[in-house]
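Reviewing the structure listed below.
The values are calculated or read from the model by the stated rules, or taken from the named source; none is laboratory data. Just so it is clear, the model here is predicted, and its values are computed rather than measured. Glycine gets a Cβ as well: all are built from the backbone with ideal geometry, and neighbour counts include every protein chain shown. What goes into the accessible areas is simple: the full protein's heavy atoms, side chains included, and nothing from ligands, DNA or RNA. Shrake-Rupley method; radii C 1.70, N 1.55, O 1.52, S 1.80 Å.
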Amino acid sequence: MALLELKDVTKVYAEEGRSITVLDRVSFDVEEERFVCLVGPSGCGKSTLLRMIAGLDQPTSGRILYEGRPVAGVDPHIAVVFQSFALFPWLTVTQNVELGLESRGVDPTTRRRFADKYIDQVGLDGFEEAYPRELSGGMKQRVGIARALAVEPRLLCMDEPFSALDALTAQNLREEVLSLWEDPNLKVSSIIMVTHGIEEAVFMADRIVAFSARPGRVISTVPVDLPRPRNRKDEAFLRLTDQVYSLIV
Amino acid sequence: MRRARGQALASARRQLMRLVWFLLLAGALYFIYRRPAVIFRGGPPGVPSDARAIPYYASLSLARMTAAYVLSLLFSIVYGYTAWANRPAGRFLLPLLDVLQSVPVLGFFPAAVFFFVGLFHGGRLGLELAAVFLIFTSQAWNITFGVYESLTTIPRDLDEAARAFGVGPGLRFSRLLLPAMVPKLVYNSMLSWAGGWYFLIACEIISLGPVNFSLPGLGSYLINTAQDGRLGLTMLGLAALVALIIALDLLLWRPLGVWASRFKYELTASGPAPTSRVLTMWRKWPVARWTMVAGVAVWSALRRVVRAVLTPPRRGLAAAEKVADRRWPGLLARLGSFAARLVGWFIVAGLGYLVIRSVIALGRLLLQPMPPEARLIPAALAASFLRLSLAYLISLAWTVPAAYFIATNERAYQVLMPVFEVLASVPATALFPVIVFIIAGRAGGMNVAAVLLALTGMQWYLLFNLVSGVRSIPADLEEAARAYGLKGRLYLTRVVLPAIFPSLVTGSITAWGGGWNALIIAEYVVYRGRTFTAFGIGSLLDQATYTSGNLQMIWLSLISMVLLIVTLNRAFWRPLYDLAARRFKIEY
């Protein structure tokens, strides 16, 4: 059984009397231990889809199944990393990371241990008591990632997590996310990442789901079998990138 | 060591400067107030109590409100912008605004009446202007704070983006600053408009000592019929007032609010934008389109003025000199500019002389042996403070949960907000004589009535500020909270309370300002020829103004009241406001 199954997921918004179809009968599966990237032109509904997978929104029709059960509301096994980081400005790094655990009623000592562990893992040792305002963009997103990892989810949803960062920071963070994911001790099984960077998708994913412009439909799913770590200058890498480009444009 | 002493010295100098400014302000006000030798021509106008004339009264009241509101709007934008853009000016303008908005304006109302009536030699125009001025003072500060707040919370990268693209001052104003002000401007305008009704009632009847003047209007109609005990007529007037308020809300404020919501700054799309049928109707209506065209024409003319004002004065002066050079020989131009400067200095020196003389006169007045009632002032201040604290706690207790419920529940927002807006606009000042009549006879009744009226002057500021605070929680923060399963108490303490903290502080500051103002009416009420009082600084002031006419007592009460208010603001609210801006501001 797949970890996540999407069956004919459709989303329609009603706006000023007109109805706008954002997603049209989207179906695909995400197996265990997979890194799946959703790519497509902006406005194609891929972020909306991610929000529905995370239980933040409901499809108009169709079904989203996590481990065979329909996703109804926020699932404790699914965590989200936001494009805009969405850190609470009045909470310290530790308090931000502890948030998900706190809401599950985890006791303070355990909470603190988990937070320290994941703050360490994303390389923010020494910034536990800092406020988000005092951090650079890359560091803020590290907090966002630590916050997601701290609840030890099985499925990690990332919504354009690197697009608000500078190229160098983004590339460093991409490699770190991959090495975290490949770490057998990490509880995260699969990652779904929304991106509009095709090169980024080819660099990170096992499988790319390509969307058409609005209304978003799945044009094609492309398996990426390149060996890791991947080299962006590699001929196979470039060929695959071109192939995905021609699908979308 | 030396640095510490230098800092202490600098801080002492700042305190001294503040004291000097305060003295000058007090002196200027005293100068205006000191001219009591005003003759009212033609005696008091007839007392309006004719029910058939209600539409006429309503239109006059509405005209007064509109005039005051337009003035407030212009004042707020200019003042708020200057306080934000010009740092040295801001250092003086902000504390002054603090004082202005916390000064119980009603206490200075007789002063305004003397001034305007004197200016127009006792004509009706003077009374009208005094009324408009009073309404203005009840509307302007809140909007000004809104303008200043929206300017300080403009995301830094937006401002930098504008600067990076070399956007000039005029374009920066119309494309960045003005749009950034719009949400708060509209929202606070609604509040101020409601507050205006409250004071309209108070200012259409002007009492100076034994003489009563009524301006024809809804306010004076309500008060007169209520004071005569003709409650049926009062109810009819009240119904007309409520109808007017609802009509304005539906036709003006609601569509404006919807229009303003698109200026809200947000990083992520948060679902469909709100819509308004009336707004759509406005857009389709040909008259509205012509109004738009006319508006654009007026705006472009105004823009030229704004640009001229915003152009650094030296550049403007240089340009003027250039023109002068072309037209006149250099000597003549220099002579002209010298003459202009001379006139300017003359005016400044004259004003300075008058103000300083007034300061001296005020000092002399205060240095005279204290009247025996002066010993009551500290206790009166304490009594009033307790009354306000009680009213504030009651307001807080119901507005925080109510605001949260209304702001997070779209249906409740649609249904309850208009109800509350109407309730907030119904001026309690109009009903107050009735309330007093019902409960003042009982033991401590007047105390209850005073707290009730103070409550009506405080609670709405809190409620509306809090609602806008909850609604301005960014969608992505709310989503993150949901994604991590934050619920109940934790959601409240981690997300809602911190997020609304800035609006809580602003709302509280305005609420206290409104409360002090309300106290002046609340502690001293005349109903059917009988005077009811609750001991406090407000009743002390009113007694001095209306019965004894003791100038020294008036000034002692006013100054001690203002000093207490300013001290509270500086020592308590300001630090909280700074904390809100530092820790709780939402910025990425």
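A few comments on the model shown:
- Condition check for B:ALA240: of a type in the set (Gly, Ala, Ser), at pLDDT 80 or above and out of contact with any helix residue (DSSP H, G or I) (no Cβ under 9 Å at 6 or more places or on another chain): no
- Here the condition is being among the hydrophobic types (A, V, I, L, M, F, W, C), within 11 Å of another protein chain (Cβ to nearest Cβ) and farther than 14 Å from A:ALA86 by Cβ; of B:LEU492, B:LEU497, B:LEU486, it holds for B:LEU497 alone.
- The single condition among (1) hydrophobic (A, V, I, L, M, F, W, C); (2) within 13 Å of chain B (Cβ to nearest Cβ); (3) buried (at least 19 other Cβ atoms within 10 Å of the Cβ) that A:LEU135 does not meet is (3).
- Positions within the range A:200-216 being open to solvent by 40 Å² or more (accessible area, probe 1.4 Å) and modelled with pLDDT of 90 or more, in sequence order: A:ARG207
- Of all residues making up the range A:78-93, the number that are more than 7 Å from every other protein chain (Cβ to nearest Cβ) and hydroxyl-bearing (Ser, Thr, Tyr): 1
- Against the conditions (1) modelled with pLDDT under 80; (2) open to solvent by 30 Å² or more (accessible area, probe 1.4 Å); (3) over 30 Å from A:VAL74 (Cβ atoms), B:ILE559 satisfies every one except (1).
- Checking A:GLY43, A:GLY17 one by one, the residue that is more than 25 Å from B:GLY485 (Cα to Cα) and open to solvent by 70 Å² or more (accessible area, probe 1.4 Å) is A:GLY17 and no other.
- When the test is whether a residue is assigned to a strand (DSSP E or B) and within 26 Å of A:LEU99 (Cα to Cα), A:ALA79 passes it.
- The residues of the range B:401-430 that are open to solvent by 50 Å² or more (accessible area, probe 1.4 Å) and either among the hydroxyl-bearing types (Ser, Thr, Tyr) or within 19 Å of B:ILE500 (Cβ to Cβ) (or both), listed by number, are B:PRO401, B:TYR404, B:PHE405, B:THR408, B:ASN409, B:GLU410, B:LEU416.
- Candidate set: the range A:46-63, residues that are hydroxyl-bearing (Ser, Thr, Tyr) and more than 18 Å from the chain's Cα centre (by Cα); chosen: the one least open to solvent (accessible area, probe 1.4 Å): A:SER61
- Verdict on B:ILE565 being in a helix (DSSP H, G or I), open to solvent by less than 10 Å² (accessible area, probe 1.4 Å) and at pLDDT 85 or above: yes
- Test: residue in the range B:475-483 that is open to solvent by 10 Å² or more (accessible area, probe 1.4 Å) and more than 14 Å from chain A (Cβ to nearest Cβ): no
- Within the range B:484-497, the set of residues being in a helix (DSSP H, G or I) and open to solvent by 10 Å² or more (accessible area, probe 1.4 Å) comprises B:GLY488, B:ARG489, B:LEU490, B:TYR491, B:LEU492, B:THR493, B:ARG494, B:LEU497.
- Residues that are under 21 Å from A:SER190 (Cα atoms) and either in a loop (DSSP other than H, G, I, E, B) or of a type in the set (Asp, Glu) (or both), drawn from the range A:132-178: A:VAL151, A:GLU152, A:PRO153, A:ARG154, A:ASP159, A:GLU160, A:PRO161, A:PHE162, A:SER163, A:GLU175, A:GLU176
- Count - residues of the range A:54-64 that are within 14 Å of chain B (Cβ to nearest Cβ) and touching a residue at least 24 places away in the same chain (Cβ under 8 Å): 4
- For the range A:94-116, the set of residues classified as at the interface with chain B (Cβ under 8 Å from one of its Cβ atoms), in a helix (DSSP H, G or I) and more than 23 Å from A:ASP159 (Cα to Cα) consists of A:GLU102 only.
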